Ligand SMILES: Cc1cc2nc3c(=O)[nH]c(=O)nc-3n(C[C@H](O)[C@H](O)[C@H](O)COP(=O)(O)OP(=O)(O)OC[C@H]3O[C@@H](n4cnc5c(N)ncnc54)[C@H](O)[C@@H]3O)c2cc1C
């Protein structure tokens with residue numbers, strides 16, 4: 001019998017967390033519909049293999065942007081996980097909650113009850129944190145978070161260079177103080193990727209009241225403005241999964257708006273153009289698409305200590321074997337072990353630039369970018385003002401949506417990215433890198449003027465894979481809101497959306513943690529529970545923010 005109290009579409013970061021929490025007290029049955037398959041095998045489980053699954057049609061939906069007008073017509077890949085655990089099973093395993101001010105901004109924008117004080121208890125509830133600031137982190141939760149061993153001296157050089165340049169240090173950017181240079185955190189446990197599937201879905205599936213249904217969700221079935229189930233395709237047959245209480249869409253920032261539109265919820269004119277009967281005219285569905293972009297700034301290393309020496313097939317085989325037998329060594333890390341969050345200028349009150357640092361110069365496909373040895377920083381602005389959209393290409397549920405990011409469409413994007421490049425050069429120029437610093441590989445020391453930097457940015461800026469915002473949460477009287485602050489789809493009963501699509505604005509850092517937090521908090525709303533008591537902890541804000549960028 002395909003029927004449950006709660007039917008969740010998608011077993012990704014948010015969907016897995018909800019499967020776990022909604023079934024926890026044993027009172028309700030849960031069916032999770034997931035199109036992707038198993039996550040077994042080293043390509044997903046071995047952290048250092050991270051660049052492989054995101055390029056495989058077995059694990060990735062294979063989306064891409066339309067030609068981006070401000071990037072010379074480039075088409076950018078938009079990977080989304082198609083496997084249990086969703087994008088948390090193909091992501092880079094970097095763990096960042098986001099800045100306190102991000103969530104306060106959500107609340108100010110109409111997501112009442114999602115300010116930092118409200119969400120901090122949920123971040124704590126979900127974590128099983130190893131290290132980190134006492135009193136600010138969670139212990140004993142499903143999601144294991146750790147720090148890398150930082151054996152390579154270049155991690156320390158990066159952090160020391162930040163200090164030498166006058167920036168703050170922070171020992172825990174997920175604690176009270178995001179701003180500064182310090183260690184990066186990872187969702188890895190016992191040497192394996194610790195995805196939402198490992199943390200939440202698999203433990204939930206051990207309960208009798210949870211089941212996983214492999215199938216493709218085509219649309220939500222709505223009768224008299226109430227969601228009563230989901231139409232799926234499984235084993236080449238169209239079937240209906242009935243929801244006694246609620247349907248919850250958690251299919252990602254690309255697939256959630258698509259499913260809503262196919263169900264008749266979205267901009268009325270666009271639905272009519274596609275021959276879809278309008279059930280609720282919500283112009284915000286598919287709008288407000290946001291992302292982070294980043295550049296790789298690469299430098300040759302004079303000393304032969306970088307990971308470039310292990311990018312050859314023989315070393316990779318040795319690393320793979322060590323990981324396979326012992327779950328240790330270079331296979332057991334994502335290599336993102338040092339980070340920074342800094343402010344671009346005086347007058348910006350909290351960080352608006354993120355750095356990931358790795359002791360290797362590698363290309364997007366994992367191949368070496370340096371002739372011998374090198375290192376690189378991934379750097380990008382956090383709060384681009386550019387906005388895009390996800391729309392239907394056709395009413396056929398199988399067709400890929402039209403994704404237009406409009407990357408770099410705001411003039412500030414260019415100023416911010418030029419600053420990111422120059423700032424990275426300043427950091428790599430500190431004495432901490434003396435003895436390591438060779439010539440600049442990318443952009444290359446000849447690229448100096450604004451015009452030349454702009455050409456480099458246009459040709460090389462890449463998505464950091466953080467699309468969000470396409471079913472914005474906000475006040476019910478805001479026409480552009482899609483869900484209210486309890487994640488209920490406005491105008492439809494028995495239907496919620498809870499995943500990265502409901503973020504009013506992208507947060508500072510990577511999006512797995514806030515997506516899981518969304519699933520955690522939405523679960524309490526769905527169960528009608530009183531949300532966890534707000535925290536009274538105050539985040540650190542740089543006292544010099546009005547006068548200085550550091
Ligand atoms: C390559 C890559 C690298 C990233 N790196 C990081 C990182 O290092 N750290 C970090 O914090 N974040 C990272 N992110 C971002 C982060 O992983 C995502 O933002 C987050 O996982 C999104 O969670 P979600 O719940 O919104 O959606 P997802 O986790 O994408 O889950 C959606 C689920 O719904 C399923 N689904 C969708 N449509 C249907 C349908 N029609 N029928 C059935 N099932 C369906 C999908 O298969 C998927 O399992 C990365 C993302 C990518 C793609």
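Coordinate-derived values only; no laboratory data. Please read these numbers as outputs of a predicted model, since none were measured by experiment. Positions of Cβ are generated from backbone atoms using ideal geometry, with glycine treated the same way; all protein chains shown enter the neighbour counts.
Based on the alpha-carbon gyration tensor of segment 1-127, what equivalent-ellipsoid semi-axes (square roots of 5 times the eigenvalues) come out, in whole Å, largest first? Before the final figure, lay out the partial values.
Values: eigenvalues 150, 117, 51 Å².
With the √(5λ) rule applied to segment 1-127, the semi-axes are 27, 24, 16 Å.
How would you rank 206, 214, going from fewest to most other Cβ atoms within 10 Å of each one's own Cβ? Could the numbers behind the result be given before it?
Details: 206 7, 214 16.
If I rank by nearby Cβ atoms, fewest first, I get 206, 214.
Would you mind computing, in nm to one decimal, how far apart the modelled labels at residue 238 and residue 149 are, each placed 7 Å from Cα along Cα→Cβ?
The answer from the label model is 5.6 nm.
Got a sec? Which residues in segment 256-290 would a label at residue 399 touch, if it sits 7 Å along Cα→Cβ and we count backbone N under 18 Å?
Correct set: 256-278, 286.
Taking Rh as the Kirkwood radius computed over C-alpha pairs, what is the Stokes-Einstein D of the chain at 4 °C in a medium of viscosity 1.567 mPa s, expressed in µm² per second?
Numbers: Rh = 23.6 Å.
In µm²/s, the coefficient rounds to 55.
Compute the acute angle (0 to 90°) between the alpha-carbon long axis of helix 153-164 and the principal axis of greatest extent of the alpha-carbon atoms of the chain; round to the nearest 10°.
80 degrees
Grab every C-alpha pair in segment 288-329, bin the distances at 10 angstrom width from 0 up to the longest one, and report whole percents.
Taking every Cα pair in segment 288-329, the percentages come to 21, 30, 26, 19, 5.
Largest first and in whole Å, give the semi-axes of segment 209-309's equivalent ellipsoid, each being the square root of 5 times a Cα gyration tensor eigenvalue.
Details: eigenvalues 327, 90, 28 Å².
Listed largest to smallest, the semi-axes of segment 209-309 are 40, 21, 12 Å.
Each label point is 7 Å from the Cα along the Cα-to-Cβ direction; what then is the distance between the points at residue 75 and residue 134, in nm?
Calculated label separation equals 5.6 nm.
Rounding to the nearest 10 and keeping the result within 0 to 90°, find how far the Cα-based axis of helix 116-126 lies from the longest principal axis of the chain.
Between helix and principal axis, roughly 90 degrees.
Just grab the label-to-label distance for residue 476 and residue 312, each label 7 Å out from Cα along the Cβ direction, in nm (one decimal).
About 6.6 nm, to one decimal.
So what is the relative contact order of the chain, in percent, for Cα pairs below 8 Å that sit 6 or more residues apart?
Numbers: 1408 pairs, mean separation 123.4, N = 550.
Normalised by residue count, the contact order of the chain is 22 percent.
If R0 is 22 Å, what FRET efficiency do you get for residue 346 and residue 108 from their C-beta distance, rounded to 0.05? Each step should come with its number before you reach the end.
Values: r = 23 Å, r/R0 = 1.04.
Calculated value: 0.45.
What translational D, rounded to a whole number of µm²/s, comes out for segment 116-241 from Stokes-Einstein when the hydrodynamic radius is the Kirkwood one over Cα pairs, at 10 °C and 1.306 mPa s?
On the way: Rh = 18.4 Å.
Taking Rh from Cα pairs, D becomes 86 µm²/s.
Relative to the longest principal Cα axis of the chain, at what angle does helix 512-526 sit, 0 to 90 degrees, rounded to 10?
Its long axis makes an angle of about 30 degrees.
Could you tell me what a quarter of the Cα convex hull surface of segment 254-403 works out to, in nm² with one decimal place?
Numbers: hull surface 55.6 nm².
Computed as one quarter of the Cα hull surface, the answer is 13.9 nm².
Just how far, in whole angstrom, is segment 405-434 from segment 309-324 if you go by their alpha carbon centroids?
Spelled out, the Cα-based centre of one part sits 33 Å from the other.
Could you please rank 306, 328, 78, placing first whichever residue has the fewest other Cβ atoms within 10 Å of its Cβ?
Values: 306 25, 328 13, 78 22.
Ranked by crowding around the Cβ, least crowded first: 328, 78, 306.
Suppose only helical runs count, i.e. DSSP H with n ≥ 4. What mean residue ellipticity at 222 nm does that imply for the chain under -39500 (n - 2.57) per run, divided by all residues and rounded to the nearest 500 deg cm²/dmol?
Working: 12 runs with 125 residues, N = 550.
The per-residue figure over the chain is -7000 deg cm²/dmol.
Whole percent per 10 Å bin, from 0 to the bin with the longest distance: what is P(r) over all C-alpha pairs of segment 251-325?
Taking all Cα pairs of segment 251-325, the binned fractions are 15, 24, 13, 14, 16, 17, 1 percent.
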